[in-house]
2 protein chains.
Amino acid sequence: MDKGHLLYEGKAKALYSIPEQNWLWVEYKDQATAGNGERKESISGKGQLNNLITSVIFEYLSSEGIPSHFIKKLSDTEQVIEKVDMFNLEVVVRNVAAGSFSRRLGVSEGTVLSKPIVEFYLKDDDLNDPFINDAHVTALNLADEAEVSELKTKALEINHALKKMFDKADITLIDFKLEFGKNSDGTILLADEISPDTCRLWDKNTNNRLDKDVFRHNTGDIIPVYQEVLDRLTQLNK
Amino acid sequence: MDKGHLLYEGKAKALYSIPEQNWLWVEYKDQATAGNGERKESISGKGQLNNLITSVIFEYLSSEGIPSHFIKKLSDTEQVIEKVDMFNLEVVVRNVAAGSFSRRLGVSEGTVLSKPIVEFYLKDDDLNDPFINDAHVTALNLADEAEVSELKTKALEINHALKKMFDKADITLIDFKLEFGKNSDGTILLADEISPDTCRLWDKNTNNRLDKDVFRHNTGDIIPVYQEVLDRLTQLNK
């Protein structure tokens, strides 16, 4: 399997073609960003940790009957994924109030929600990824009604599985962001990454933040924090 | 029927009790506000026009089989309404992109939407009436799932009837805001007002604004504009 040409480079990952395969070669980068890219820093080791954590999580989800675009880990910073047409959406699931949800709706951070909430956001850096509702998703042709329903169902199934895994690792899954795509068969697959960059993870006993909020709020070094998440998840498989 | 004590005074209306009746006495005020009350002006004649326009519209909707809290017009600035427990929600229906929809989602003002869009907003001045989705409505206990569904259905029925009426008056109904409440029987009723303060209305031929945007954007005097809307609607009944 050969690494082809660069197809796309984003804030956190670079994607390369894999000639003669419907697969992509992903390189996780060390760049950390906050505030829609307003703040950028290179943090050595971050790409590796997110690649390893995402690989562990996607393998776990697959074992729970939830397929994703993930095919295999290639190295500490690289993985192979199935090529999918991405929905231009971010799907957020919330179990506990935090972040923009708390600020916008006046619900204290840490309030446990009576049931998980799914939110859609339009992926558009220029518009600051605005929050949208189901009617916007179909009006903007981001997905049709059946797909909206399937995305919500999948997001809640993934939430159920992830909560179980993180709970065993003594971590509370506060909220997280997912992205989805459709493969060449038209099957909707979980895509992108699941890592402390895309989840809010609080230590179950201390409520210490084990996620990107440490970078967003400048409260410490993210590397030992992300390493702690990786260690706890890896431990579960032993 | 006697006017009792003041129960509530808002930006645009004052509500009084009506002793021994489950009704309220509403006085429409001349105050105009924009930017969540940041800008306030008293505009003589505005209360009268909104009361008369709302009365015409609620009577029309009733004739179309859509009940509301409206009972009768008392004077040029007063009406009697049925007392309802208000949902703490604003329900917005959009037919054509404009205002915050255009700004937030990057859709040019004037773009006709493939189908009407319903949006919910939490009524909370301190939070600037944030946009919310169906899951937020139930999580925040603003309405239950069946009520969410009924509010959306009613909003679309009202849109259908209003579009028909405004079209006959050579006015394009761009978008509008509704509020609902439940009466003592638990029936969900359309409430509040429907006027150029709560609708975007564009002249069908010139696209001239016939609504509060004239005040928001300081492009002229609203009194002749609101009078024009009243005259065109009154003309339909002749």
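The values are calculated or read from the model by the stated rules, or taken from the named source; none is laboratory data. It should be emphasised that the depicted structure is a prediction, and the values quoted were computed from it without experimental measurement. Cβ coordinates were reconstructed from backbone atoms using ideal geometry, including for glycine residues, and neighbour counts include every protein chain displayed. Quick note on the areas: whole protein, heavy atoms, side chains included, nothing else; ligands and nucleic acids left out. Shrake-Rupley method; radii C 1.70, N 1.55, O 1.52, S 1.80 Å.
Count of the stretch A:128-168 residues, restricted to those that are touching a strand residue (DSSP E or B) at 6+ places or on another chain (Cβ under 9 Å), closer than 27 Å to A:Y226 by Cα and away from chain B (no Cβ under 12 Å), is 9.
Could you say whether any residue in the stretch B:62-79 is within 14 Å of chain A (Cβ to nearest Cβ), in contact (Cβ under 8 Å) with a residue 24 or more places away in the chain and closer than 30 Å to B:E228 by Cβ? Checked against the condition, which is being within 14 Å of chain A (Cβ to nearest Cβ), in contact (Cβ under 8 Å) with a residue 24 or more places away in the chain and closer than 30 Å to B:E228 by Cβ, the stretch B:62-79 yields no hits at all. Residues in the stretch A:101-127 that are modelled with pLDDT of 95 or more, open to solvent by 20 Å² or more (accessible area, probe 1.4 Å) and more than 8 Å from every other protein chain (Cβ to nearest Cβ): 9 in all.
Filtered by the rule that a residue be in a loop (DSSP other than H, G, I, E, B) and over 16 Å from A:I174 (Cβ atoms), the stretch A:210-224 gives A:N218, A:G220, A:D221. The C-beta contact set for the stretch A:117-141 (first residue outside the structural domain of A:R94 (by TED's automatic domain parsing) and at negative phi, second residue crowded, with 19+ Cβ neighbours inside 10 Å and not hydroxyl-bearing (S, T, Y), distance under 9 angstrom, 6+ apart or interchain) is empty. Between B:V26, B:V91, B:V56, the distinction of being open to solvent by less than 10 Å² (accessible area, probe 1.4 Å), modelled with pLDDT of 95 or more and in contact with a helix residue (DSSP H, G or I) (Cβ under 6 Å, 6 or more places away or on another chain) belongs to B:V91 only. Checking each residue in the stretch B:202-226 for being closer than 22 Å to B:D30 by Cα and out of contact with any helix residue (DSSP H, G or I) (no Cβ under 6 Å at 6 or more places or on another chain) picks out B:R209, B:D211, B:K212, B:D213, B:R216, B:H217, B:N218, B:T219, B:D221, B:I223, B:P224.
Can you spot a residue in the stretch A:61-74 that is out of contact with any Cys (no Cβ under 7 Å at 6 or more places or on another chain), crowded, with 20+ Cβ neighbours inside 10 Å and farther than 24 Å from A:K164 by Cβ? Checking the stretch A:61-74: not a single residue is out of contact with any Cys (no Cβ under 7 Å at 6 or more places or on another chain), crowded, with 20+ Cβ neighbours inside 10 Å and farther than 24 Å from A:K164 by Cβ. The residue that is most open to solvent (accessible area, probe 1.4 Å), counting only those in the stretch B:156-176 that are of a type in the set (V, I, T) and more than 30 Å from A:F101 (Cα to Cα), is B:T172. Criterion first (touching a Cys at 6+ places or on another chain (Cβ under 8 Å) and not in a loop (DSSP other than H, G, I, E, B)) does B:I174 satisfy it? Yes; evaluated as a whole, the condition is true for this residue.
Residues that are assigned to a helix (DSSP H, G or I) and loosely packed, with under 14 Cβ neighbours inside 10 Å were ranked within the stretch B:128-155; the one that is nearest to the chain's Cα centre (by Cα) is B:T153. Out of A:E157, A:E179, one residue alone is more than 14 Å from A:N95 (Cα to Cα) and at pLDDT 95 or above. It is A:E179.
Condition check for B:P19 on (1) out of contact with any strand residue (DSSP E or B) (no Cβ under 9 Å at 6 or more places or on another chain); (2) loosely packed, with under 13 Cβ neighbours inside 10 Å; (3) over 27 Å from B:N159 (Cβ atoms); (4) modelled with pLDDT of 95 or more: one failure, at (4). For the condition closer than 24 Å to A:L210 by Cα, surrounded by 19 or more Cβ atoms within 10 Å (Cβ to Cβ) and away from chain B (no Cβ under 11 Å), A:E179 qualifies. A:N207 satisfies every condition listed in (1) over 16 Å from the mean Cα position of the chain (by Cα); (2) part of a helix (DSSP H, G or I) except (2).
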